[in-house]
Each structure stands twice: as structure tokens, then as C-alpha cells.
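Data block below; observations after.
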Amino acid sequence: MSPSISETRRDFLKQLRGASIAAMAAGAPQFVRGADLRHPNAKADTCILLWMGGGMAAPDTFDPKHYEPFKVGLPVKDVGSTFPSIDTAVDGIQITKGLEHIANVMDRGTLIRSHVQPDLGHILHSRHQYHWHTGYVPPQTVAAPHVGAWMSKVLGPRNPAIPAFIDIGQRIEGVGEQEELKAFHTGGFFGTEYGPFLLPYPDQAMDAVRPPEGMTPGRFADRYKFYKDLIAKSPTGKQGSAYQQESMLRAMDNAHRLLSSPERVAFDLSEEPKEIYDKYNTGRFGLGCLLARRLTESGARFIEVTTEYVPFLHWDTHEKGHTTLARLKREIDQPIAQLVLDLEARGLLDRTLVVVASEFSRDMIIEGVPGSNARDQASSKVDLLTEMKHYGQHRHFTGGSSVMMFGGGVKRGHLYGDTADERPFIATKDPVSVSDLHATIFHAMGISSETAFDVEERPFYATEDGKGHPHLGIFA
Amino acid sequence: MILLRTLIPALGLLITASVSRAQSVDFSHDVLPLLRSHCVKCHADGTYKGGFSIDTREALLVSESVLHGNAAESPLVHLLKETEDEDRMPQKADPLPSESIAILEAWINEGLVWEEGFTFKESTWVALLAPRRPILPDVGALGSHPIDRLVSAYFTEHELAPPSGLSDQAFYRRVSLDLLGLLPNPDAVDVFVETTSPNKRRLLIDGLLDQSVDYADHWLTFWNDLLRNDYKGTGFIDGGRKQITEWLYKSLVENKPYDVFARELISPTEASEGFVKGIQWRGNVNASQRREVQFAQNISQVFLGENMKCASCHDSFINDWKLTDAYGLAAIVAEEPLEIHRCDKPTGQFAKAQFPFPELGDIDATKPKPERLQQTAALMTSPENGRFARTIINRLWQRLLGRGLVEPVDMMSNEPWDADLLDFLAVHLMDSNYDLKKTIALITSSRSYQSHAVERHLGPAEEFHFQGPTAKRLTAEQFVDALWKITGQAPEKVAAKGADKSDRSFVRASLVDSSYLMRALGRPNREQIVTVRPEDLSTLQALELNNGKEFSELLAKGAGSLLERFPEANADMLIVEIYRQALSREPTPDELQQVSPLFEGPATPESVADLLWTVFLLPEFQILP
């Protein structure tokens, strides 16, 4: 069954030619080992990452532990969860109160309870988020690309008119730790071509793809035509660098294609029927889910929708954890479930991987993992509950967090991994590291975790050192 | 290797797996040592017994001695397992142990993974450390300027035609953008064109370089990138990082000699210590990113054009730097004994403070840190250290002519396309007391610089031949400065400390915090050293330029202010003015005819904004020919 020598050689030479064409984009990072790397067969065409920025406490969301209602004088150590558990559509899988809609679609997905993060000492959201989004713990000697940039670079856009990597809901400026956020919301060494198309306000997404404010479509179209005509008249013509000029005009054409394509209506949430819009409209995150669905239908490759990371807000509960999570659950529960149902109804769920994840979990007591030198950052350090603000998961926990996955070839109604019943709630079965989780996501998308590009003459891998292993047990 | 042995029984399974799986053998760690000890002597680097070469992966595959992914049918494997001594490889030697053969089989089955760019063929090029004073060749086709004499000789040797020369207008525009980052004033260009003095280009260069504030405003960008200095950024949030802006800006205005400049960075005062201090992240960091190792990486990259990033973790596979070299440099700045970590694991060995080129001299490890840093600064700027001058020469040449004499600019041990030229410029810099303005003046006054740009070289680096300057795209700062200058929309407040007291016609982009527009155009987050920015316009950048809020608002306001400044102007006058400002030339009749219909009736803010947009987006505007 082995190929003949000449066949092997022919293949090799063909690949070699392919590689040298890629190398034509001089200066661009080049594939390493393009000739022998084998990508898995893609199970999904689009990946939607629903990001619970700030550290989603597993015991209060997807991994219920011993529940104790708030009571003055109750020892904190006696509380596992601050929400009671509820049944889901799957026998044997329980999650916590407030996630009833997601509970109802549990039979469409796999719940991972054993996601773990490294102990980086003093815990910073920005470092863990950088790690989660790029696969590399900062600082790094080169600018590491976001996972979305990897998909954009390796897989390219599904629809040339829709940017391959879209990021919904995160403001970069003016919300704190902006520099830290910028560091991983980037195409990294792949360059801006592969960076995120940022849409901080989903209901204003249309503004990003229409002519500038105050400019009619007619004027916009005329301006471009005028531009092209004027280039044709330029006396310098192609003197200098035809390559650079052509590459510049190609980028302009790409941009203009998006700004004048019929597909851009996907960015316009006002096109959505009111009853659907209302089902998603729990705020910016909910509308982000709706936008993600529309963009998936139109051919986006990778979409991240975030509840938005703002220091000490949302999932970043250093106090008032319970009351904050009750609100957050209202914001995420129905939109996530609706997104899954809508994708399913449109026949898209099989080829779309939806991932709900966060940089780590939280705990009532333990900062980091047992034995870590991480400094306690809870705002109020009490042993006995006296006020409601003490009731919640106020420490950052890296020993076991939950990830939900739907579609994209993952098992339906499946529970993967486990955490201890008693504190510390560390992963006890099938731990999934960040590298492995990425390898699993890349696997679904048809990207080998060993994919590497040459940066400063050394290989830089899709998962750290190419060592991420997909957890194949997650897939059907 | 130990890992491998335990894996061998499972190899059969791995081979048949068609989806991504871990490589069980690693080229550098497992395969390379075998090839080196058993094959290289007869089949590599010029000796190819039996016509068989293993210099590169390609050579190996072309030989058909190995079948990609199929060890069982690879002739090489049969030769290794041959029982007849006479026919077995390696010849006249013991058979390879079976586990070594298993490694090679696994390697073949897994697709002969090879270290990108690795070859057994030794490069004959050895980069000199000492300065060298080449003899200038006779005057050639390009003229008597020393650079041109060297480049003419290079052209003759390689049978290349010299590029055509730039017009006065094009020269003025290029040199103004290269030296000051600014578009020239159109009237000044007119006067220059009309001047008949044969020496006028040199006079212009000197005049521009004398504009020390504009010069500093422009070169601040280059140095901020190179020294990863910024006014905002990661690390500042909790005091883990310190700016050197005030010191840097002052040094540029004063045109501080480059050796003094480097000494003050390496052996710093409080004002310049931010560079060697690096960035301290909260929490635990990988050993290769602790501040001492950052120091080693940064000092070697910035001043010596050497990459010690690999060697910060383990002996490098891509160059000759060893883990001990990186740690030797790191130990200079360590406050206490520095334990060497290999791949983040302590080795029990402690680093000995050492300069990366010990032939230049020793660091006395018994002395306290400030003295060790002084010694380092002295060795770095020692007259024997030609690499120090060559590295900055190469960076300047790259900035001014679009491509380095040595590429990549951070691999200074690579062969330059003309070693005499590099060495000549380096010695010239040393002879000029490290006055960088003198180097810039020398380069830009050459006919080689004053030539039309040629097509960018897209093939393999070793096939590059210099044929003239390469076109460069405007940097984010140059682009934004041009916008602000023409539209009169520059901000009022300077963020760069120390730069706020100088007189200038408008606040420059380099002096303010990065904006979304600047980031979109390639101004980097300065967490890592950036020596070369990407040249191509990306789609996301183009989108930003098509409908981005910041750019659109700037154009709208700028159009308004242009109409205010030229209330009498008719459409043609405005068009001519914008062309002169932006492109340093008047529109051709053809272009005028094309543009005029935009102004049916009087010029409106909309039509002016659209004209501005069009001109700013012209390749002629953004790409320096």
C-alpha cells in the first residue's frame, strides 16, 4: 500500500513549491514543517468562544458542591456553593440554580469539569487571560498570537467578505488594564492582518462595516471609484514597488468588499425579528451571542463574545460574589441556550464549536491551589459570614474549572472530568490543561496542535512547544 | 531519549494514526546527534560519498534513500540493518545499536521532521568581531562618494546596472521623511529645485539634521521600539517597569555619541535604568523571563544583533549561543548568585558573569553590580568591538534603504551582502566619535541612497543582491504626522516626558500615547523589542482607513480647517495645494481633470474631505518610492 518512490517525490516537490509560494510574502512568518504536518479532519468550520472574563466560579455555575444558604454566623469553610443545584436534561449532570436554560440544552453538549491552570504565584487576571488566549504564559520574547489569530492564519476566512477573527464585547480603552488587554487581543507576530476585528458594542456593530458617520453609501462608493481612477492616472505609476502597491490595493479592496458586501447585514441586529432579539437581549453579552449567531451564518471563522473583563467587575468577584453571579447568570443563561438552539435549528450546530470558558475558577477560601504562594486578594477576609457581601467565591482558584462545549463534533449530554466533592475542589479525573484544551479546540477545527511558524528562526507552535494533546474522549 | 525507549513499543500505533499526534522523536535532541556521529563524516558538508548528501532535508529526500513516512521501505534503513559488513552503513564501523535505528525509523515514519533552515553545510562566512578598514575601490559608475565607490564595485562584480537617480523633488521628500519624519514644505521644495548649487543636497541634509527637535521627535519612534520604551504599557500599572523617555529624548536632541549613549543604558543612571531593569511581572515567571535574563536578551539583541532568546532556556539550536552564555551575561546584573535554569528547571550550577565575546575582556565577578555594569559598558564600546558599530550601522541602513546590509537585522553573524561596505561604515562611525548624524549624513549623501527604489526582494535571503533602495511604507507616526500637518489637527498635549519644553510646529505622533489608528497602522505594543515593523497594509488596517472613526473625524475637521485657511480658494487651488503638501509635487493636467468634477460648484467640507482621503490613501503617498 505504500506510495511509490516517484509518487513520494512528486508530492514532496509539490509541497515544496507550495512552501516557496508562501514564502513569497516576504517577511511574513513561514510555516515550519509544512511538508509533513498532518492536520486532523475538521469537525467544525466556525468556533464561537463565549468568554466569562474575570474567573467564573465553577461551584456557583457548572460544578455544584455542598450548598449552604446565607446565614449570619455560618463558617465560610462550610460553604461549597452559594447556589443550590438543579437537574439538567441529562441524567446525572447537575448544575446550579440560575442556569435553567443551559440545563435544558445540556443534552447537546459536553461539560468539562477538570480544566486546570498553572500556578503562576500571585494571581493576575491579565496573565491568565493572556495564557488562555494565546496558549503561552506571559511574558514572552515574541508577541504571541491569540487563538483566533491562529485560526485566521491557518484556516483563513470562510467568507472573504467577513473578517476571520471577530471579537465582540471587550472595550480596550478606558476599562482598566488596557495595556494588558491589548497584549493578547492581537495577531501577535502574524501581524494585524490576522488580528481581531473588535466590536465592543454588538448593537453598534453595523457602524464598523458601513461608511463613516455622515457619509451616504453613494458618496462612499463614489469616493472609492474616484480613488481607483486617480491611481490609474498617477504619473509615478508602479515605479518603486509594484509588489507593495499591489499588496496595498489588495488590502483596500478586501476592506471595501466587506464595507459594500450584502453579507455585512449580518452585523445589523436591527434586522432580527423582535421575538428573537428579545430572547437574547439580556445586555451586551446576550446581544453579542445574537451577533455571533448571525456572523456564523454569514461565514465568520472565529468569534469571541465576552461578558467583558473589567477589573473587579462581573465574574471578577472579590466580594458580593453571590449577588453578582445571580445577575451574571441572568445575563448569560438564556442567550447561550438560545444560541445553541438557533444554531441547531439552522443545521449549523454540527459544524460550529461553541465553547464557554474562563481564565480560572473561584473558591470561597483557597487562593490559587493548595500550597500556592499566591497572596489572598479577597476584599473582606472573614471566617464567619456576617454580611451578604461576604457570601460568594472571592478567591481565584486554578485547580479545577468548568468548560462547556456544544456542537463541533463533541459528545452530546456528556460529562468529562471531575473535581473533588470536598474542598479543595481540585480536578480529580482527566485534567485538561490550557494547552490540552487548545489542542482539543484546534483538533475540532482541523488544526494540528503541532502547527508551527518560524519566528526569529525558531518554531513557534499552536500549543506550547507543540505539546498540547487533544482530549479525544470529548468527541463523539 | 529515555522517553523514546519507553515509547518504542507504541510506535507501531503512532505510525498508523493519521491525525495529529505527538512526535515521539525530536530532530534536534534525538536525530541530530546520530546523524552527526555516524553519517556526517562521509555524507555532508562537501563530502558526499556515493553521491549521497544529508546536508538538508531536501537533499535527503531527493536522494530517494528515505521514503517520507515509510521507514520499512526506505533503502537507508535496509542499509543500516544489512548483515553483510561490506554493504552495511556506516561503512567500516560497528552496526548502529538497534535503538538508534529505531529512532531513525520513527523519524522517517513521522515525516523526517527537520529544524527549519538547518543544514550540515557549514557556512564559510565568519563574522569578524574586530573592526576592519577596507580599502576603497576606484571611483566607479556611481561617483566618488565612498559608499558609491564600494557599491559601484559591488555592481561591477555582480554585473548589475545601477538604479536611476532621484529627482530633486523626490529626494527632498524622501530625505525629509527619513531624517525628520516630516513631509517637506512645498515652498522649500520649490526653492531647493531652483537652486543650482552643486552641493545643495548635502547642504539640505546637514540643514535637516540641524533641526534637532524635529530629528529627536522622529527618531524617538525608532529608539522607543528598539529599547521597548513607552509612556503607557504593561508593567507600569504596578511599578514593574520604568520609562527612560526623558533621558532618551534629551540624548537624541543632543545627538549624544552612540558609545556614550550605550554606556549610559548599560551602566545606567536613575534616568536611564529602565532599560536594563526590564519588566517585572507580578507572580512567578519562567526562569528565561526573569529580569536578569531579559537583560541578557536585550543587551545582546539591541547592541550586538544577536538572538539569545533560545539560549536563555537551553543551548541554542539555531546559532552557537549556549545556555551558559546567556546566563553569563545575565549574571552581570544579578544581585545574588544566579542559578542556571535549563528549560525552567534549576541545574544546581551557578552562572559566571561573562561578556558574550570574552575575547574582548573579562568581567570581574567579585566586584559589585555597578562596577560589573561599568565593565560591561566598557567592553561593549571597546574599540576592539566592531560588532557594536556594525549592528547600529546595519539598523540605520535598514531604516534608510529599506533592507539591511545583513538580514535579519538581529542576526549579525550572517553574511552581509557587502562586507566592505558594512565594515567601512562601522569604522567611519568609530572615527567620527560615534556621531550617528554623521553616519546618516554619509549614507543619505550617497548616490546609492539617492536612487529610485527597486522591487522588494521576495526570494530566499541568500539570493539577494542589492540593486538600489527598497520602497518603504510610511510608519504609523509618519502617516499620522502628515495628516496632522496638512489638516492642522495635531493634539496639544505631549505625553513624552522631557519633550514638552521644545519648540516645534506641531505635536508629533511619536510624543503622544498610541491611539487606535496608530496601532492599526503598526505602532507596536512595546512589551518586546521591535527592530522591524511589518511593511504591508493589512485588511484590518485598510478597514480602519476606510471607515475608522478617528480617521474620518480627522478628515472632516481637517477639511473644515483647510477651507477656513484658504477661504478664497477655488477648487483647483485647493487641489494643487493638497498635492503639493502631501506628494511634494503638482498634479498633472490629467489628474486635475480627474479631480475637478469632485468640486461641482464651490468646495465643500465633504468634497475636500474626500479629496484628502483619496490622496492619503494613494500608494504614492504611503509608499516612499
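The values are calculated or read from the model by the stated rules, or taken from the named source; none is laboratory data. Bear in mind the structure is a predicted one, so any value in this text is a computation, not a measurement. Using ideal geometry, Cβ is built from the backbone for each residue, glycine included, and neighbour counts are taken over all protein chains shown.
Pairs, please: C-beta under 6 Å, at least 6 apart or cross-chain, first residue under 14 Å from A:V403 (Cβ atoms) and in region A:93-107, second not in a helix (DSSP H, G or I) and not hydrophobic (A, V, I, L, M, F, W, C)?
Close Cβ pairs (under 6 Å, with a partner that is not in a helix (DSSP H, G or I) and not hydrophobic (A, V, I, L, M, F, W, C)) amount to A:I95/A:T88; A:M106/A:T88.
Could you grab me the full set of residues in region B:89-148 that are among the acidic types (D, E) and either surrounded by 13 or more Cβ atoms within 10 Å (Cβ to Cβ) or in the same structural domain as B:F27 (by TED's automatic domain parsing) (or both)?
Result: B:D94, B:E99, B:E105, B:E110, B:E115, B:E116, B:D148.
Determine which single condition B:A603 fails, assuming it passes every other condition in (1) buried (at least 17 other Cβ atoms within 10 Å of the Cβ); (2) free of Cβ contacts under 8 Å to residues at least 60 places away in the same chain; (3) assigned to a helix (DSSP H, G or I).
(3)
Identify, by number, the condition in (1) in contact (Cβ under 8 Å) with a residue 12 or more places away in the chain; (2) within 30 Å of A:S372 (Cβ to Cβ) that B:G305 doesn't meet.
The number of the failed condition is (2).
Give B:W125, B:W114 a once-over and let me know the one that is more than 14 Å from chain A (Cβ to nearest Cβ) and either touching a residue at least 60 places away in the same chain (Cβ under 8 Å) or touching a Gly at 6+ places or on another chain (Cβ under 7 Å) (or both).
Only one candidate qualifies: B:W125.
Just name the residue that is nearest to the other protein chains (Cβ to nearest Cβ) out of those in region B:42-90 that are acidic (D, E), in a helix (DSSP H, G or I) and over 22 Å from B:V25 (Cα atoms).
Selected residue: B:D87.
What's the total number of residues in region A:423-461 that are facing chain B (nearest Cβ under 10 Å) and either aliphatic (A, V, I, L, M) or assigned to a strand (DSSP E or B) (or both)?
Residues that pass the stated criteria total 8.
In region B:278-286, is there at least one residue being of a type outside the set (V, I, T), in contact with a strand residue (DSSP E or B) (Cβ under 6 Å, 6 or more places away or on another chain), within 14 Å of chain A (Cβ to nearest Cβ) and surrounded by 19 or more Cβ atoms within 10 Å (Cβ to Cβ)?
no
Would you check if there is a residue in region B:566-577 being modelled with pLDDT of 85 or more and either of a type outside the set (A, V, I, L, M, F, W, C) or more than 40 Å from the chain's Cα centre (by Cα) (or both)?
yes
Which condition breaks for A:G109 when tested against (1) more than 10 Å from chain B (Cβ to nearest Cβ); (2) surrounded by fewer than 24 Cβ atoms within 10 Å (Cβ to Cβ)?
(2) is the only condition that A:G109 fails.
Anything in region B:128-150 that is in contact (Cβ under 8 Å) with a residue 24 or more places away in the chain and touching a Leu at 6+ places or on another chain (Cβ under 6 Å)? List them, or say none.
The answer is B:P146, B:D148, B:L150.
Whether any residue in region A:212-219 is hydroxyl-bearing (S, T, Y), within 12 Å of chain B (Cβ to nearest Cβ) and outside any helix (DSSP H, G or I) is what I want to check.
Scanning region A:212-219 turns up at least one residue that is hydroxyl-bearing (S, T, Y), within 12 Å of chain B (Cβ to nearest Cβ) and outside any helix (DSSP H, G or I).
Each row is one residue, and each column tells you yes or no for (1) of a type outside the set (S, T, Y); (2) in a loop (DSSP other than H, G, I, E, B); (3) modelled with pLDDT of 95 or more; (4) within 28 Å of B:L511 (Cα to Cα).
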residue	(1), (2), (3), (4)
B:K438	yes, no, yes, yes
B:A441	yes, no, yes, yes
B:S448	no, yes, yes, no
B:R456	yes, yes, no, no
B:E462	yes, no, no, no
B:F466	yes, yes, yes, no
B:A482	yes, no, yes, yes
B:E492	yes, yes, no, yes
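For the condition touching a Gly at 6+ places or on another chain (Cβ under 6 Å) and either among the polar types (S, T, N, Q) or more than 19 Å from A:N104 (Cβ to Cβ) (or both), what is the one hit in A:R294, A:R327, A:R284, A:R301?
None of the other options fit; the residue is A:R284.
Give just the number: which of (1) out of contact with any Lys or Arg (no Cβ under 7 Å at 6 or more places or on another chain); (2) of a type in the set (K, R); (3) not in a loop (DSSP other than H, G, I, E, B) does A:K389 not satisfy?
In the conditions (1) out of contact with any Lys or Arg (no Cβ under 7 Å at 6 or more places or on another chain); (2) of a type in the set (K, R); (3) not in a loop (DSSP other than H, G, I, E, B), A:K389 misses (1) alone.
Rundown of residues vs (1) within 25 Å of A:P311 (Cβ to Cβ); (2) surrounded by 17 or more Cβ atoms within 10 Å (Cβ to Cβ); (3) within 21 Å of the chain's Cα centre (by Cα), yes/no style:
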{"position": "A:E177", "(1), (2), (3)": "yes, yes, yes"}
{"position": "A:K182", "(1), (2), (3)": "yes, yes, yes"}
{"position": "A:G188", "(1), (2), (3)": "yes, yes, yes"}
{"position": "A:Y194", "(1), (2), (3)": "no, yes, yes"}
{"position": "A:L199", "(1), (2), (3)": "yes, yes, yes"}
{"position": "A:M206", "(1), (2), (3)": "no, yes, no"}
{"position": "A:P212", "(1), (2), (3)": "no, yes, no"}
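Taking region A:393-414 as the search range and keeping residues that are surrounded by fewer than 21 Cβ atoms within 10 Å (Cβ to Cβ) and in contact with a strand residue (DSSP E or B) (Cβ under 6 Å, 6 or more places away or on another chain), which one is nearest to the other protein chains (Cβ to nearest Cβ)?
Only one residue tops the list, namely A:G409.
Residue check: is A:T88 within 21 Å of A:Q377 (Cβ to Cβ) and either away from every other protein chain (no Cβ under 14 Å) or surrounded by fewer than 19 Cβ atoms within 10 Å (Cβ to Cβ) (or both)?
In short, no.
From the list B:L563, B:L545, B:L537, which residue is part of a helix (DSSP H, G or I) and buried (at least 20 other Cβ atoms within 10 Å of the Cβ)?
Unique residue meeting the criteria: B:L545.
With the checklist (1) within 12 Å of chain B (Cβ to nearest Cβ); (2) surrounded by fewer than 23 Cβ atoms within 10 Å (Cβ to Cβ); (3) of a type in the set (A, V, I, L, M, F, W, C) in hand, flag the one item A:I166 doesn't pass.
(2)
For region B:484-529, which residues satisfy the criterion of being buried (at least 16 other Cβ atoms within 10 Å of the Cβ), without any contact (Cβ under 8 Å) to a residue 24 or more places away in the chain and small (G, A, S)?
B:A490
Can you go through B:E270, B:E292 and tell me which one is surrounded by fewer than 18 Cβ atoms within 10 Å (Cβ to Cβ), of a type in the set (D, E) and more than 12 Å from every other protein chain (Cβ to nearest Cβ)?
Just one listed residue meets the conditions, B:E270.
On the given criteria, is A:G417 modelled with pLDDT of 95 or more, touching a strand residue (DSSP E or B) at 6+ places or on another chain (Cβ under 9 Å) and surrounded by fewer than 16 Cβ atoms within 10 Å (Cβ to Cβ)?
Considered against the rule, which asks whether it is modelled with pLDDT of 95 or more, touching a strand residue (DSSP E or B) at 6+ places or on another chain (Cβ under 9 Å) and surrounded by fewer than 16 Cβ atoms within 10 Å (Cβ to Cβ), A:G417 comes out as no.
Which one is surrounded by the most Cβ atoms within 10 Å (Cβ to Cβ) among residues in region B:567-594 that are at the interface with chain A (Cβ under 7 Å from one of its Cβ atoms) and of a type outside the set (S, T, N, Q)?
B:E591
Specify the residue that is farthest from A:M405 (Cα to Cα); the eligible residues are those in region A:306-365 that are of a type in the set (D, E) and either touching a Cys at 6+ places or on another chain (Cβ under 9 Å) or not in a loop (DSSP other than H, G, I, E, B) (or both).
A:D363
For every residue, the table says whether it meets (1) among the aliphatic types (A, V, I, L, M); (2) not in a loop (DSSP other than H, G, I, E, B).
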| residue | (1), (2) |
| --- | --- |
| A:A143 | yes, no |
| A:N159 | no, no |
| A:G176 | no, no |
| A:K182 | no, yes |
